[in-house]
Amino acid sequence: MAPRLRGREKSAIARFPQPADPNPVADPRAEVAIIMGSQSDWATMRHAAATLAALGIAHEALIVSAHRTPERLYAFAKGAKSAGFKVIIAGAGGAAHLPGMTAALTSLPVLGVPVESRALAGRDSLLSIVQMPGGVPVGTLAIGKPGAINAALLAAAVLALADADLADRLDAWRAAQSEAVAERPADGAS
Ligand code: RP5
């Protein structure tokens, strides 16, 4: 049974408007939800948002903490499919149970991004997310910014299966990436 939510808490999750900054506008077309355990995760997860934006994929970023806002997590995950999301990207650090808990509550694909923790450089996050027992999968990406970018690219690949225009944009993105790689290294280049 869904938890009973009170006034402010209830309105905070209605079609998942933003918890303040930095991404305050709910987009009714959003197919990808980017959730994260804390505002502090945004420095990493913003790279997923930027990659989706570059590919023209509507998305929504939300703070949903498994341990600080468990009822928000429950309401989000149970309602994500009917809200129109098709893929969930979940970033968390430390004892990072957000992706696994989300996957337990929805049949949507969940991609987990281990956020680089201060104490253990993200190894704790990685192991917390990647070691799901068989039966409830979380697709786990690399620690930090590369994982956030790749989560967005994987989400794009999933959506592109049913969206030929997006498939073309994704191919173009990959081609541009290839073209940007010089054949020879040079001093001062990055
Ligand atoms: C996790 O705890 C979050 O995902 C974050 O990576 C970590 C630290 O959170 P803050 O203490 O910075 O809010 O829940």
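For region 60-80, which positions are more than 11 Å from the ligand (Cβ to nearest atom) and either in contact (Cβ under 8 Å) with a residue 40 or more places away in the chain or surrounded by fewer than 22 Cβ atoms within 10 Å (Cβ to Cβ) (or both)?
Residues satisfying the conditions are E60, A61, L62, P70, E71, R72, Y74, A75, F76, K78, G79, A80.
Exactly one of (1) under 28 Å from I63 (Cβ atoms); (2) within 20 Å of the chain's Cα centre (by Cα); (3) aliphatic (A, V, I, L, M) is unmet by L161. Its number?
So L161 meets the others, but not (1).
Considering only residues of region 81-126 that are touching a residue at least 60 places away in the same chain (Cβ under 8 Å), within 13 Å of the ligand (Cβ to nearest atom) and farther than 19 Å from E71 by Cα, which is surrounded by the fewest Cβ atoms within 10 Å (Cβ to Cβ)?
E116
Out of (1) open to solvent by 70 Å² or more (accessible area, probe 1.4 Å); (2) assigned to a helix (DSSP H, G or I); (3) at pLDDT 95 or above, the odd one out for A172 is which?
Result: A172 passes all but (1).
If I go through region 31-59 residue by residue, how many of them are buried (at least 22 other Cβ atoms within 10 Å of the Cβ) and of a type in the set (G, A, S)?
3
Does region 127-139 hold any residues that are among the polar types (S, T, N, Q) and away from the ligand (no atom under 12 Å from the Cβ), and which are they?
Q131
Has region 140-148 got at least one residue that is within 12 Å of the ligand (Cβ to nearest atom), open to solvent by 20 Å² or more (accessible area, probe 1.4 Å) and hydroxyl-bearing (S, T, Y)?
no
The values are calculated or read from the model by the stated rules, or taken from the named source; none is laboratory data. Bear in mind that the values here come from a model prediction, so they are computed numbers and not experimental data. Don't worry about glycine lacking a Cβ; one is built from the backbone with ideal geometry, like all the others, and counts go over all protein chains shown. Heavy atoms of the whole protein, side chains included, go into the accessibility calculation; ligands, DNA and RNA do not. Shrake-Rupley method; radii C 1.70, N 1.55, O 1.52, S 1.80 Å.
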